[in-house]
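Here is the structure we will look at.
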Amino acid sequence: MLTIESFLANSFSNAINILYGTDIEGSTLQIQKTHPDFKGDFTLVVFPLLKVSKKKPEETGADIGNYLISNHKEFVDFNIVKGFLNVSLSNAFWISTLENSTNDEQFGFAKPKSTGRHVMVEFSSPNTNKPLHLGHIRNNLLGFSVSRILEAVGNDVRKVNLVNDRGIHICKSMLAWQKFGNGETPQTANKKGDHLVGDYYVRFDKEYKIQIENLKAQGLTEEEAKQKAPLMLEAQEMLRKWEAKDAEVIALWEQMNGWVYEGFEKTYANLGISFEKVYYESQTYLLGKVIVAWGLEQGVFFRKPDGSVWIDLTAEGLDEKVLLRADGTSVYITQDIGTAVQRFDEFHLNEHVYVVGNEQEYHFSVLKHILKRLGYMWSDHLFHLSYGMVNLPEGKMKSREGTVVDADDLITEMIETAREMANELGKLDGLNELEVEQVCRVVGLGALKYFILKVDPKKNMTFNPRESIDFNGNTGPFIQYTYARIQSVLRKATDEGVANISRVSVVEMTEKERELIKLTTLFPGIVQQAATQYSPALIANFAYDLAKEYNQFYHDHSILRDTTEEVKQLRLSISAQVGRCIKNAMWLLGIDVPNRM
RNA sequence: GGUCCGGUAGCUCAGUUGGACAGAGCAACAGCCUUCUAAGCUGUGGGUCACAGGUUCGAAUCCUGUCCGGAUCACCA
């Protein structure tokens, strides 16, 4: 199937070839949708072609325009404004384009696994000492959406999660529970397990601070106090016991992590997020040591007098970086080296995407350089999808100051707001409780997901819990509403027995009708672009533009009334196709669309 | 201090590999529902694209410098 982009590129380069005897490189061919203020469907920028035509812009444009309308039946008209050649395509062309896609439910998507490429996307990666918050939500939504986008362009995608389930921070909540918990469990506390554990993490910090203050009162410096506080010493002792596989500590660790996993399960389910595979650091943290030993042998790494192992990356503009501590234990990056090698090996990966915040850019830069030095050719195919922070109007979220927006709370609030809104508008009359519940969930989550995904991943964003989430304007619900409207019309058409809409006769079309068909043809290209740029935001913005355009069309066109059969079929067919594009675009964002709302 | 990212309307954000007079939404104001869903549509006001140079037919976009904000430069993960 020919995309609109390649159809246009072929036509223009054919014209240029015949007229000027030159093959044009893709980059000098600048084709864009014609600016709304001018007549035409697509515009060729002729400035870059003056070198080969050796004529003025107007003459060059006229040459090409004339050639196209006399040799390609799809082109019917053209005009030239300054250096811009605006061409119009025939109604027959647009109608047949529409017809070709009316039965394609997967419109916009490539054939599954058609590229033969294996891609792994790692995201979420929570710590098991506290519940998920707004920052994790951005991570999860991005990772999930990017996975679907990469899948939609034909890759075999594997979504994985690497849970950080060990380390001193985990011991802190364990210790606090042991000391102050009195055997409390999620059941007795009637609380999600991740929240319960998170409370003890906060408790640790509180008690720890008191101890520090006491020690400072006894004359110790801040630094000394932090190091000598009994709680910290105990936590460190607990970590040593964990590493020595002390039965009691391991049992406590398993119990508390179990609580957290149960809690995470619910949050993931609420968000509609899933993984093919979950890795646990407790099982992978020793990976990479063998590779480091080998690299040391090869002279890629070096050993310092104290026994620690390093790599010198000053040639790459970075610093020296430690890979093994003096006592032989590994650090974070050691594990990442190990898991990367293991994964590329096991799954024959062509690409590995890490969805991790931008504060770890340095880390991933180091990781890539190390793997390259070790001779792994695929190191160029590690991609750090680095996203910006989510800030509150007051600034950064700080867990210690209790300004963190909790994921579960936020989801609940969104669904509640959706319900209030729907009630106010009288949208839910005639639906039973189950249907009401479903619509509010879909709409509430749609609002949240869209709000986060419409922003370019690499940008920091501001989230105002009270004001940010809107249900009107450039929002998820606006797009969902448009979809529901379309379904409503299609239902009505079926009820009225309107014939098969996959055959559309050629009739005169209004500007809006042409514009809508044109927009839908751009969808496959947008998906491609979103995949190359790892940007769900492109999909989100496309869906919005399309929905906005459709609502204008809907407002001043009658679809089922006062129209001929031909016009009815055309408009229904356009509606169906727009609905399909919206549905598929939203699917790529991980957002459901309701049949009514 | 070094490196990376950002600075577009009062607020939140778009702006395709440089292209036509910089666009949406929110907020404000004024209109449109006996007719397919008004979570919609239409209109008004709102800009020195941080600043200064440069490159070119053309710069919000590329280059240089300056200012502001963020991240990072741990034997933390």
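Being over 17 Å from A:LEU522 (Cα atoms), open to solvent by 40 Å² or more (accessible area, probe 1.4 Å) and in a loop (DSSP other than H, G, I, E, B) is a condition met by at least one residue of the range A:79-95.
When only residues in the range A:10-59 that are among the hydroxyl-bearing types (Ser, Thr, Tyr) and touching a residue at least 24 places away in the same chain (Cβ under 8 Å) count, which is nearest to A:ILE517 (Cα to Cα)? Once the filter is applied, the top-ranked residue is A:THR34. Can you tell me which residue in the range A:419-438 is modelled with the lowest pLDDT, limited to those that are surrounded by 12 or more Cβ atoms within 10 Å (Cβ to Cβ) and within 6 Å of RNA strand B (Cβ to nearest atom)? If we take residues in the range A:419-438 being surrounded by 12 or more Cβ atoms within 10 Å (Cβ to Cβ) and within 6 Å of RNA strand B (Cβ to nearest atom), then A:LYS427 is modelled with the lowest pLDDT.
Out of the range A:461-489, which residues are assigned to a loop (DSSP other than H, G, I, E, B), within 6 Å of RNA strand B (Cβ to nearest atom) and open to solvent by 40 Å² or more (accessible area, probe 1.4 Å)? Scanning the range A:461-489 gives A:ASP470, A:ASN472, A:ASN474.
The set of residues from the range A:387-396 being crowded, with 18+ Cβ neighbours inside 10 Å and farther than 16 Å from A:SER468 by Cα comprises just one member, A:TYR387.
Across the range A:21-41, the qualifying residues are those that are modelled with pLDDT of 90 or more and in contact with a Ser or Thr (Cβ under 6 Å, 6 or more places away or on another chain), and the one among them that is farthest from RNA strand B (Cβ to nearest atom) is A:ASP41. Only residues that are assigned to a helix (DSSP H, G or I), among the polar types (S, T, N, Q), open to solvent by 10 Å² or more (accessible area, probe 1.4 Å) and in contact with a helix residue (DSSP H, G or I) (Cβ under 9 Å, 6 or more places away or on another chain) were counted in the range A:323-368, giving 2.
When residues of the range A:524-548 are filtered for being within 12 Å of RNA strand B (Cβ to nearest atom) and under 21 Å from A:SER96 (Cβ atoms), how many remain? Break it down stepwise before answering.
Looking only at the range A:524-548, we keep the residues that are within 12 Å of RNA strand B (Cβ to nearest atom), and these are A:525-526, A:528-530, A:532-533, A:535-548.
Among the residues that remain, those that are also under 21 Å from A:SER96 (Cβ atoms) are: A:525, A:546.
The total comes to 2.
Tell me, which residue of the range A:508-546 that is among the polar types (S, T, N, Q) and not in a helix (DSSP H, G or I) is most open to solvent (accessible area, probe 1.4 Å)? Selected residue: A:THR510.
Checked against (1) modelled with pLDDT of 95 or more; (2) among the hydroxyl-bearing types (Ser, Thr, Tyr); (3) more than 8 Å from RNA strand B (Cβ to nearest atom), A:THR510 meets all criteria but (1).
With open to solvent by 40 Å² or more (accessible area, probe 1.4 Å), of a type outside the set (A, V, I, L, M, F, W, C) and free of Cβ contacts under 8 Å to residues at least 40 places away in the same chain as the only criterion, which of A:GLN187, A:GLN178 stands out?
It is A:GLN187.
Once the range A:60-78 is narrowed to residues that are more than 16 Å from A:ASN17 (Cα to Cα) and over 40 Å from the mean Cα position of the chain (by Cα), the residue that is least open to solvent (accessible area, probe 1.4 Å) is A:ASP77.
Considering only residues that are modelled with pLDDT under 95 and among the hydroxyl-bearing types (Ser, Thr, Tyr), look in the range A:96-115 and name the one that is surrounded by the most Cβ atoms within 10 Å (Cβ to Cβ). My answer is A:SER101. Considering the range A:570-591, and only residues there that are within 11 Å of RNA strand B (Cβ to nearest atom) and open to solvent by less than 10 Å² (accessible area, probe 1.4 Å), the residue that is nearest to A:ILE486 (Cα to Cα) turns out to be A:SER575.
I'd like to check something: does the range A:119-126 contain any residue that is open to solvent by 10 Å² or more (accessible area, probe 1.4 Å), modelled with pLDDT under 95 and within 16 Å of RNA strand B (Cβ to nearest atom)?
Pass one, the range A:119-126, residues open to solvent by 10 Å² or more (accessible area, probe 1.4 Å): A:122, A:125.
Still in the running and modelled with pLDDT under 95: A:125.
Those left that are additionally within 16 Å of RNA strand B (Cβ to nearest atom): A:125.
Checked against the condition, which is being open to solvent by 10 Å² or more (accessible area, probe 1.4 Å), modelled with pLDDT under 95 and within 16 Å of RNA strand B (Cβ to nearest atom), the range A:119-126 yields at least one hit.
Tell me which residues, restricted to the range A:553-569, are open to solvent by less than 50 Å² (accessible area, probe 1.4 Å), outside any helix (DSSP H, G or I) and either closer than 12 Å to A:ALA493 by Cβ or more than 6 Å from RNA strand B (Cβ to nearest atom) (or both). Within the range A:553-569, A:ILE559, A:LEU560, A:THR563 qualify.
The values are calculated or read from the model by the stated rules, or taken from the named source; none is laboratory data. Only a predicted model underlies this, so the values are computations on that prediction, with no experimental measurement involved. Note that each Cβ is placed from the backbone with ideal geometry, even for glycine, and that neighbours are counted across all protein chains shown. These accessible areas exclude ligands, DNA and RNA; they are computed on the full protein's heavy atoms, side chains included. Shrake-Rupley method; radii C 1.70, N 1.55, O 1.52, S 1.80 Å.
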